[in-house]
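The values are calculated or read from the model by the stated rules, or taken from the named source; none is laboratory data. These numbers were taken from a predicted model, which means no experiment stands behind them. In this analysis, Cβ positions are derived from the backbone assuming ideal geometry, glycine residues included, and neighbour counts consider all displayed protein chains. Heavy atoms of the whole protein, side chains included, go into the accessibility calculation; ligands, DNA and RNA do not. Shrake-Rupley method; radii C 1.70, N 1.55, O 1.52, S 1.80 Å.
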Amino acid sequence: MVRNIIIVLILVAIGVPAWQIGGIMLERKQVRYAIQAHANSIKRYQNEEVVKGNLKKELEVRNLSTVFNFEQLEMQKVKIRYGYRAAATIFNYTYYQVSEEMEAVTEEGKFAEDKGEY
């Protein structure tokens, strides 16, 4: 009985941090792709306010900071900068922390929700 409790505690001590770190890594990748998709969507909407609003909504849905820099480079080319920050904690102890400045520029020949057609 005591042996089973110890085994469960060890598995929890290994499994919970791995799950939290994996979730942060996955979220970071998803945010990077979302920012790039919104940078590419300027070609579809041709209105920077629509692109800004859509990106802000997506960040709000993910419960992330909605502060980002939006720069119009050309008529259909923009640059979006976003500071992604996340931390994994357990019992008020932070054991994994990420802070990354992401940047996306409109790609040539790409559209938002690109299905491989150019």
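The table for this structure:
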| quantity | calculated |
| --- | --- |
| Subset of the range 48-65 [surrounded by 13 or more Cβ atoms within 10 Å (Cβ to Cβ) and β-branched (V, I, T)] | V50, V51 |
| Inter-residue pairs, beta-carbon under 8 Å, first in contact (Cβ under 8 Å) with a residue 40 or more places away in the chain and under 23 Å from Y96 (Cβ atoms) and in the range 1-17, second of a type outside the set (S, T, Y) and open to solvent by less than 90 Å² (accessible area, probe 1.4 Å), 6+ apart | V16/I90; P17/A88; P17/I90 |
| N47 vs. criteria modelled with pLDDT of 90 or more, among the polar types (S, T, N, Q) and more than 12 Å from the chain's Cα centre (by Cα) | no |
| Condition broken by Q72, with the remaining ones in (1) farther than 17 Å from E100 by Cβ; (2) of a type in the set (S, T, N, Q); (3) part of a helix (DSSP H, G or I); (4) open to solvent by 70 Å² or more (accessible area, probe 1.4 Å) satisfied | (3) |
